[in-house]
Amino acid sequence: MMSKQAFLCGLGSLYLSLLFVFLLMDVYARPANNSALKEKVVDSKDENEILPPDHLNGVKMEMDGHLNKEFHQEVFLGKEMEEFDEDSEPRRNRRKLMTIFSKVDINRDKKISAKEMQRWIMEKTEEHFQEAVEENKMHFRAVDPDGDGHVSWDEYKIKFLASKGFNEKEIAEKIKNNEELKIDEETQEVLDNLKDRWYQADNPPADLLLNEEEFLSFLHPEHSRGMLKFMVKEIIRDLDQDGDKKLTLSEFISLPVGTVENQQAQDIDDDWVKDRKKEFEEVIDANRDGIVTMEELEEYMDPMNEYNALNEAKQMIAVADENQNHHLELEEILKYSEYFTGSKLMDYARNVHEEF
């Protein structure tokens, strides 16, 4: 009969053997690192400091052509959006929402009109603009270490590749000596797209040197009419299937969502198509001719378009306007809090009049 000590020793050996096998499996499962210049993985926060974001606050469509699902919350809450957490105490969130209501209700008549909501949307969009400007100052300093007020494409490329895990000194030396860079195909494709954006952001006279304002346009195309046009061209290029530089409804709703594996996934895909169809027909296609031109998409994407803000205000009111008076009362906003804030309030009407 095996002793307890021998049994425990056997378990220990078995554990070490299994651990060794798993470690081997992990090593062989990792993709090969073909570049001698790669040194370590850098966290996404550092990378995002100099890489144009996919998501632009207060803009209705993402850079990849998907609809911005948080748009209503961004233009209603502005910088306060982060304060509305799903896990926050409902009573606290309710009071925050009531405070916002009082700020939107300029004439103090206890209801919000479309004009009041339009003014508020423009104000919150401007907040997002200013936030991007402040962040840009910090990001520009990161890519302009010598502080001369200009950044060359090569300087930016070095910082970008460093953020992707390449050795910055070795990259800089190779670029200086015009030596070939061993970059994987995916990273090279990103670089090529970024260089196209760099050219677009470089205002005349073109010198491939970006100042702080041009760098802001590079990171945030919504700040520049020229870059907004470029972003629209990219989106239409990605969605336009027949090459006529216009979008039909079928082209707009054919953006792949993912593989449908079950009924739940099918429902998600159906909702996605329904949302895009509604946005195309009711908002983007301004003249209702079934075709979206570059000009229509540009107007739709412009976050500082006052007509769009008014149209958005009317739509937001319609969502929660239960008494159909074309205004929003406090109780209606509290009841539909998830639409406006992303946070669902329970017992939304409790003590409303006492707290307000």
Counting only heavy atoms of the protein chains, get the accessible area per residue of the stretch 150-306 (1.4 Å probe) and round it to a whole Å² value. 56
The long-range amide H neighbours of Phe166, using H built 1.01 Å from N in the peptide plane and a cut-off of under 5 Å, are Glu39
Can you list the residues, at least 5 places off or on another chain, whose amide H is less than 5 Å from the amide H of Leu67, using H built in the peptide plane? Glu62
Leaving ligands, DNA and RNA out of it, report the carbon-plus-sulfur percent of the accessible area of the stretch 76-154 at a 1.4 Å probe. 48
Gain in span if fully extended, Leu249 to Asp289, counting 0.36 nm per residue against the direct Cα distance: 13.4 nm
Add +1 for every Lys or Arg and -1 for every Asp or Glu among the other residues with Cβ under 12 Å from the Cβ of Asp105, and state the total. +3
So if we plug the beta-carbon distance of Asn193 and Gln324 into 1/(1 + (r/R0)^6) with R0 = 51 Å, what FRET efficiency do we get, rounded to 0.05? 0.60
Would you list, by chain and number, the lysines whose Cα falls below 20 Å from the Cα of Lys344, excluding same-chain residues fewer than 8 positions away? Lys69, Lys79, Lys96, Lys335
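The values are calculated or read from the model by the stated rules, or taken from the named source; none is laboratory data. What you see is a predicted model; the values in this text were computed from it and never measured. With ideal geometry, Cβ positions are generated from the backbone for all residues, glycine too; neighbour counts draw on all protein chains shown. Ligands, DNA and RNA are excluded from the accessible area calculation, which covers all protein heavy atoms including side chains. Shrake-Rupley method; radii C 1.70, N 1.55, O 1.52, S 1.80 Å.
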